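Take a look at the structure set out below.
The values are calculated or read from the model by the stated rules, or taken from the named source; none is laboratory data. Keep in mind that this is a model prediction, so the values were computed, not measured. Note that each Cβ is placed from the backbone with ideal geometry, even for glycine, and that neighbours are counted across all protein chains shown.
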Amino acid sequence: MSYAEAKARYASLGVDTDAAIARLKTVPVALHCWQGDDVRGFDTDPNKPLTGGIQTTGNYPGRARTPEELMADIDQVIRLVPGQVKMNLHASYAIFDEENPWVDRDKLEPKHFQKWVDFCKERGLGCDFNPTFFSHPNCDPLTLSSPNEQTRKFWVEHGKASVRISQYLAEELGQPCVMNIWTGDGFKNVPADRIGPRLRYKQSFDEILSEPFDPEMVYPCAESKVFGIGVESYTVGSAEWCLKYAASRPDCISLMDNGHYHPTEVVSDKISAILAYDKKMALHVTRGVRWDSDHVVLFDDETKELCKEIVRCDGLDKVFIALDYFDASINRISAWVTGFRNLQKALLFALLEPNAELKKLQDEGNWTKLMVMLEEQKTMPFGEIWDEYCRVCGKPVDGAWFPEIEKYEQEVLSKRH
Ligand code: RNT
Ligand code: ZN
């Protein structure tokens, strides 16, 4: 089947495939720098353990060890994915050199991210930012909720430094910067005081956000979690805590990571609930598997449902989409590209639904026809539209990108020892 034939099939449902393609091209999706080096960053000993309840497993060869290697790998990803990439950095990816020697996280400055700004400018990308509250000796293991005032202050200062860096990224790149606050604060064992850490957490967030920033350009978020590995009994920044915190301030938005809920609970159903109240929200798109919340994103049911909800809620400009996963057991660039392409596929799939017609059927109570139409969507000639989207973006179609990765592995990654 040709694109023209597939387009005609969709047109018979009232769906304009060219319009869907044109719309998707403008939607930024944040690419997480941390898939390339197993969340190690450049600001502490690369052999330190990953803490905060997150874990990478596997030791596939070719991990990026320097900013230059990581940037080269990201370039390889950008060459192979259609759509509008936005960078997403963690504070631990600060770049130090002779001119700007190492400083601890509470002393980070915009200048430590200047090379990333240059990287983004050369490629026309915006950039999101994340303070890094894990894998550091000052996690006791708590950070922003620590009862040790010196520890808590250190992390508040890190948060404030991150606000200044986010403002700098937004100004330099001319695009808003989503600044996400996630910590692994919580306990392996059953606590006796659940409210103390949550009150300190609130105070710390307030202190961080007292740092001046332009709310039109910097969007601070609170990301919740249900539990992490080694943090099974209690999480300070739970779903309720984060929702209530974001609701308490006009300048803070909710970030939902779809790996951070109970196994049968889905974020796709939560998007409309948030957008019924808020003009903005943020997502970490990932794939939870049993205890792990960070597997590579697939073109699976929940990824499709998430994207359908974004589109159906008219949320493409309201929901800030970021990828968040880290797999060290397979080629890391393939992991990045697979997840990014799958998210693009899911968004395109969602944009190709006859949503006005489906909504009408629901409102009329015609659940019979609604079910039939929803099922028939699944076998529409989507692959042809997807190929066309890749071509329009000047990026390889399915089948054409993986050989590039194999070549890069052979020529570049396999030489990293
Ligand atoms: C961890 C959170 C968090 C991290 C990144 C590295 O469970 O999802 O977003 O994955 O900040
Ligand atoms: Zn996340």
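Taking Thr264 as meeting all but one of (1) within 18 Å of the chain's Cα centre (by Cα); (2) hydroxyl-bearing (Ser, Thr, Tyr); (3) not in a helix (DSSP H, G or I), write down the number of the exception.
(1)
Considering only residues that are within 16 Å of Thr151 (Cβ to Cβ) and touching a Phe, Trp or Tyr at 6+ places or on another chain (Cβ under 8 Å), look in the stretch 183-196 and name the one that is surrounded by the most Cβ atoms within 10 Å (Cβ to Cβ).
Filtering first and then ranking leaves Asp185.
Could you please let me know if Pro197 is more than 16 Å from ligand 1 (Cβ to nearest atom), part of a helix (DSSP H, G or I) and under 20 Å from Gly53 (Cα atoms)?
Working: more than 16 Å from ligand 1 (Cβ to nearest atom): yes; part of a helix (DSSP H, G or I): yes; under 20 Å from Gly53 (Cα atoms): yes.
So Pro197 passes the test.
Identify the residue in the stretch 219-230 that is in a strand (DSSP E or B) and within 14 Å of ligand 2 (Cβ to nearest atom) and, among all such residues, is nearest to Asp292 (Cα to Cα).
Here the answer is Gly228.
In the stretch 208-235, what residues are within 13 Å of ligand 1 (Cβ to nearest atom) and out of contact with any Leu (no Cβ under 6 Å at 6 or more places or on another chain)?
Residues satisfying the conditions are Ala222, Ser224, Lys225, Val226, Phe227, Gly228, Ile229, Gly230, Val231, Thr235.
Assigned to a helix (DSSP H, G or I), within 16 Å of ligand 1 (Cβ to nearest atom) and either among the β-branched types (Val, Ile, Thr) or out of contact with any helix residue (DSSP H, G or I) (no Cβ under 6 Å at 6 or more places or on another chain) (or both) - does that describe any residue in the stretch 30-50?
Scanning the stretch 30-50, I find at least one residue that is assigned to a helix (DSSP H, G or I), within 16 Å of ligand 1 (Cβ to nearest atom) and either among the β-branched types (Val, Ile, Thr) or out of contact with any helix residue (DSSP H, G or I) (no Cβ under 6 Å at 6 or more places or on another chain) (or both), so the answer is yes.
Among the residues of the stretch 88-131, how many are in contact with a Gly (Cβ under 9 Å, 6 or more places away or on another chain) and either in a loop (DSSP other than H, G, I, E, B) or within 16 Å of ligand 1 (Cβ to nearest atom) (or both)?
The qualifying residues number 7.
State whether the residues of the stretch 43-53 include one that is among the acidic types (Asp, Glu), touching a residue at least 12 places away in the same chain (Cβ under 8 Å) and either in contact with a Phe, Trp or Tyr (Cβ under 6 Å, 6 or more places away or on another chain) or within 17 Å of Tyr325 (Cβ to Cβ) (or both).
Checked the stretch 43-53: no residue is among the acidic types (Asp, Glu), touching a residue at least 12 places away in the same chain (Cβ under 8 Å) and either in contact with a Phe, Trp or Tyr (Cβ under 6 Å, 6 or more places away or on another chain) or within 17 Å of Tyr325 (Cβ to Cβ) (or both).
Taking Thr183 as the residue in question, decide whether it is of a type in the set (Ser, Thr, Tyr) and either modelled with pLDDT under 95 or out of contact with any Lys or Arg (no Cβ under 8 Å at 6 or more places or on another chain) (or both). Talk me through it step by step, then tell me what you get.
Numbers: of a type in the set (Ser, Thr, Tyr): yes; either modelled with pLDDT under 95 or out of contact with any Lys or Arg (no Cβ under 8 Å at 6 or more places or on another chain) (or both): yes.
So Thr183 passes the test.
Are any residues in the stretch 359-372 without any contact (Cβ under 8 Å) to a residue 24 or more places away in the chain and closer than 21 Å to Arg9 by Cα, and if so, which ones?
At the first step, the residues of the stretch 359-372 found to be without any contact (Cβ under 8 Å) to a residue 24 or more places away in the chain are 360-372.
Those that are without any contact (Cβ under 8 Å) to a residue 24 or more places away in the chain and closer than 21 Å to Arg9 by Cα: Lys360, Leu361, Lys369, Leu370, Met371, Val372.
Looking for something among the small types (Gly, Ala, Ser) and away from ligand 1 (no atom under 14 Å from the Cβ) - is there at least one such residue anywhere in the stretch 154-163?
yes
So which residues in the stretch 355-385 are surrounded by fewer than 16 Cβ atoms within 10 Å (Cβ to Cβ) and not in a helix (DSSP H, G or I)?
Answer for the stretch 355-385, where residues must be surrounded by fewer than 16 Cβ atoms within 10 Å (Cβ to Cβ) and not in a helix (DSSP H, G or I): Glu364, Gly365, Asn366, Lys378, Thr379.
If I filter the stretch 231-262 down to residues being of a type in the set (Asp, Glu) and away from ligand 2 (no atom under 12 Å from the Cβ), which single residue comes out as surrounded by the most Cβ atoms within 10 Å (Cβ to Cβ)?
Step by step, filter the stretch 231-262, then rank; the result is Glu232.
Condition test on Lys270, is it surrounded by 18 or more Cβ atoms within 10 Å (Cβ to Cβ), free of Cβ contacts under 8 Å to residues at least 24 places away in the same chain and over 24 Å from Leu50 (Cβ atoms)?
yes
Filter the stretch 388-417 down to the residues that are among the acidic types (Asp, Glu) and farther than 30 Å from Tyr10 by Cα, then identify the one that is surrounded by the most Cβ atoms within 10 Å (Cβ to Cβ).
Ranking the qualifying residues of the stretch 388-417, first place goes to Glu409.
What residue, among those in the stretch 297-326 that are surrounded by 23 or more Cβ atoms within 10 Å (Cβ to Cβ) and part of a loop (DSSP other than H, G, I, E, B), is farthest from ligand 1 (Cβ to nearest atom)?
The residue in question is Val297.
Where residues in the stretch 143-155 are of a type outside the set (Ser, Thr, Tyr) and surrounded by 23 or more Cβ atoms within 10 Å (Cβ to Cβ), which of them is farthest from His90 (Cα to Cα)? Don't jump to the end; show me each part of the working.
Here is the first cut: in the stretch 143-155, the residues of a type outside the set (Ser, Thr, Tyr) are 144, 147-150, 152-155.
Now drop any that are not surrounded by 23 or more Cβ atoms within 10 Å (Cβ to Cβ), which leaves 144, 155.
Values: Leu144: 17, Trp155: 15 Å.
Within the stretch 143-155, the match that is farthest from His90 (Cα to Cα) is Leu144.
Tell me which of these Gln175 doesn't satisfy, since it passes every other one: (1) in contact with a helix residue (DSSP H, G or I) (Cβ under 9 Å, 6 or more places away or on another chain); (2) surrounded by 24 or more Cβ atoms within 10 Å (Cβ to Cβ); (3) outside any helix (DSSP H, G or I).
All conditions are met except number (2).
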